[in-house]
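A.B. asks: The structure follows.
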Amino acid sequence: MDTLVRGGTVVLESGRLRADVLIRGSRVAGLLDPRESAGFKARVIDASDLLVLPGGVDVHTHIGIQFGDFKTRDDFGSATRAAAFGGTTSLLEFAFPEPGEDPAEAVERRISQASGQAVIDFGFHAAIAQHADADALAGIERAAKLGAPTVKVFTAYRGIMMLELGDVMAVMREAAKARSLVMVHAETEAIVERAVGELRERGIADARHHPQARPGIAELDAARSVLRLAAETGAAVYLVHVTLPEVAEEIARARADGVRAYGETCPHYLFLDESVYSTPHGERFVCSPPMRSAAAARGLWRTLGTSLTGVHSDHCCFDSEQKKVYASDSTRIPPGLPGVETRMPLLISAALSGRLSMPDVVRLCSSEPARLFGMQGKGSLLPGMDADLIVVDPRARHRLDGLHMATDYTPFAGMEIRGRIETVVAGGKVLVSAGRWVGEKPAGRYIRRRRLEA
């Protein structure tokens, strides 16, 4: 039987309209004038006086990964369920190669891990860490053939993830040939190492000094280098988790010069600032790069939708026990914050508070990411698109507590937000109704993504 989402205000990237959403199978069959849909025989989802948005697309998550001594607490089942509760109906995860694997083999392994567990649709980014040898570089094209036309590299974490700039340049050349997007964690490791060494000499390496351990100049310096390499190689480049408006400006400047340069930020860089590191549990907020000043956070808001085209979670589900093991040494605290469930609620609340428009939320969290990352059928509610949507009560107010991520804390604990996600539909199937889980067996599908246009 068809499903009709009736009585709501549909939000697209182009604006709002009063329309009923007709779902047939796994696709949107039409946006109907409410007067025309009265006679339809369909299962009805009542969206009267509510907002209907495309489901969220989160292109930056870390699920079930090992980092140093620690492994995140979630798996594809728990993480995608939490994502759905938070209004995200598609996500892209990373496939970091294990010893002896090339990037394509890592993608195949991760597809196998997620299949049968994920409750929403999923895809993967390839990755190259430590060495960009011939097999690794050849794996970029092989991964693209598998539907993973993106490759992640790091200029940080020496001995774990980091590539030297010469290797980054080699990755960019191969990615340009494969029409794959290069995602970059941009921090200059030598600057970080110097800063950490000086802090240790002074005996102040704990979480309170984490922002000094990874200073903003390390991010800005690496971003400038990476953007220059993209200009030289003709590669398309995407800077992840931008924390500084100055970095966003560098991206905009490069794009104006003809470089295919893009960037994202994350909710914690918009809604929090470096003062969190001075709280009683500052170690829980350790991530890389760290939160910056309140002024930097305000500046980032002004870059959304122009210099920066996405807001993504960088979800990394460690718990408070893991965070406090090395609380006295921020360089050993597992970096990253849980956030796959809180991204959409925070941005929706910001729109309801007037900080940005609701179509901006759709652009930043759904439509533009789906376009840039080649996710056909995602990010919109136009006829023919996948039936991924959320229904939001704009009048509700609540606190960010009682979440579903596989951890015991959220960096946004107790924050009051506006709007509540009441219903979540993914692939035409209702997963959340009246805020409760009603999904059946996991039905998430692997997303084979398109390459960049030539």
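A.B. asks: Of Thr265, Gly203, Thr80, whose Cα points farthest to the positive end of the dipole of the chain (charges on the beta-carbon: +1 Lys, Arg; -1 Asp, Glu; origin at the Cα centre)?
C.D. replies: Thr80
A.B. asks: Further question: Of the listed peptides 76-84, 57-65, what is their order by residue-averaged count of other C-beta atoms within 10 Å, with the highest listed first?
C.D. replies: Those peptides, ordered most packed to least, come out 76-84, 57-65.
A.B. asks: List the residues, sorted by chain then number, that are 5 or more residues from Glu93 or on another chain and whose placed amide H is less than 5 Å from its amide H.
C.D. replies: For Glu93, whose amide H was placed from the backbone, the distant partners under 5 Å are Gly123, Phe124, His125.
A.B. asks: Tell me whether segment 333-410 comes out rounded, prolate or oblate; compute the Cα gyration tensor, take square roots of the eigenvalues as a ≥ b ≥ c, and use a/c under 1.5 as the rounded threshold.
C.D. replies: Details: a/c = 1.93, a/b = 1.34, b/c = 1.44.
Here segment 333-410 falls in the oblate category.
A.B. asks: To continue, here is another question. Could you tally the net charge around Arg332, taking each other residue with its Cβ under 14 Å from the Cβ of Arg332, Lys/Arg +1 and Asp/Glu -1?
C.D. replies: That works out to 0.
A.B. asks: Further question: I need the peptides 336-345, 350-359 ranked by packing, meaning the mean over residues of other C-beta atoms within 10 angstrom, with the highest value on top.
C.D. replies: Per-residue Cβ counts within 10 Å, averaged per peptide and sorted highest first, yield 336-345, 350-359.
A.B. asks: Given contacts defined as C-alpha pairs under 8 Å and at least six residues apart, what's the relative contact order of segment 55-372, whole-number percent?
C.D. replies: 18
A.B. asks: Follow-up. Nothing charged except the Cβ atoms of Lys and Arg (+1) and of Asp and Glu (-1): what's the magnitude of the dipole of segment 1-96 about its Cα centre? Round to the nearest 20 debye. If you can, show how the numbers build up before the last one.
C.D. replies: Values: 11 positive and 12 negative charges, 63 e Å.
Roughly 300 debye for segment 1-96.
A.B. asks: Using alpha-carbon positions, what is the distance between the centroids of segment 358-392 and segment 126-142, in Å?
C.D. replies: 30
A.B. asks: Now a separate question. Would you kindly give the portion of the calculated P(r) for segment 196-264 that falls above 18 Å, as a percent of all Cα pairs?
C.D. replies: Of all Cα-Cα distances in segment 196-264, 45 percent exceed 18 Å.
A.B. asks: Under a crude label model (7 Å from the Cα following the beta-carbon direction), how far is Val325 from Ala190 in nanometres?
C.D. replies: 3.2
A.B. asks: Work out the length of the dipole vector of segment 55-372 about its Cα centre, built from +1 on the beta-carbon of each Lys and Arg and -1 on the beta-carbon of each Asp and Glu, and round it to the nearest 20 debye.
C.D. replies: Value, rounded to 20: 720 debye.
A.B. asks: Which of the helices in the chain meet the span-like rule: DSSP H, Cα axial reach of 24 Å or more, Kyte-Doolittle mean at least -0.5?
C.D. replies: TM-like helix candidates: 216-233.
A.B. asks: Quick one: Glu274, Glu193, fewest Cβ neighbours within 10 Å first, how do they rank?
C.D. replies: Ascending Cβ contact count within 10 Å gives the list Glu193, Glu274.
A.B. asks: What residue among His315, Ser288, Met385 has its Cα farthest toward the positive end of the dipole of the chain, where the charges are +1 on Lys, Arg and -1 on Asp, Glu, each on the Cβ?
C.D. replies: So the residue furthest toward the plus end is Met385.
A.B. asks: Which ordering of Trp301, Trp437 is given by a fewest-first count of other beta-carbon atoms within 10 Å? Write out the running numbers ahead of the final one.
C.D. replies: Details: Trp301 16, Trp437 13.
Least to most surrounded, the residues fall as Trp437, Trp301.
A.B. asks: Something else about it: Compute from the Cα atoms of segment 55-372 the Rg and the Dmax, the latter being the longest Cα-Cα distance, and quote both in angstrom.
C.D. replies: 18.2, 51
A.B. asks: Kirkwood Rh over alpha-carbon pairs of segment 186-326, then Stokes-Einstein at 25 °C and 0.890 mPa s: what D in µm² s⁻¹, rounded to an integer? Mind dumping the intermediate values first?
C.D. replies: Working: Rh = 15.7 Å.
Roughly 156 µm²/s, to the nearest whole number.
A.B. asks: Run lengths n ≥ 4 of DSSP H only: what is the helix-derived mean residue ellipticity at 222 nm for the chain, with -39500 (n - 2.57) per run over all residues, to the nearest 500?
C.D. replies: Roughly -8500 deg cm²/dmol at 222 nm, from the helical runs in the chain.
A.B. asks: With +1 on each Lys and Arg Cβ and -1 on each Asp and Glu Cβ, how big is the dipole of segment 263-410 about its Cα centre, in debye rounded to the nearest 20?
C.D. replies: The calculated dipole for segment 263-410 is roughly 420 debye.
A.B. asks: Turning to a different aspect of this structure: How big, in percent, is the set of alpha carbon pairs in segment 403-454 lying more than 17 Å apart?
C.D. replies: 62
A.B. asks: Counting only the backbone N, which residues of segment 47-80 are under 14 Å from the spot 7 Å out from the Cα of Ala396 toward its beta-carbon?
C.D. replies: 47-53
A.B. asks: I'd like the distance separating the alpha-carbon centroids of segment 162-230 and segment 7-61, in whole Å.
C.D. replies: 43
A.B. asks: Would you grab the residues whose amide H sits under 5 Å from the one on Thr150? Only those 5+ places off in sequence or on another chain, please, with H modelled 1.01 Å from N.
C.D. replies: Ala126, Leu181
We did not get these values from a lab; they are worked out from the coordinates using the rules stated. As the structure is a computational prediction, the values presented were derived from the model and not from experiment. Cβ atoms come from the backbone with ideal geometry, glycine included; neighbour counts cover every protein chain shown.
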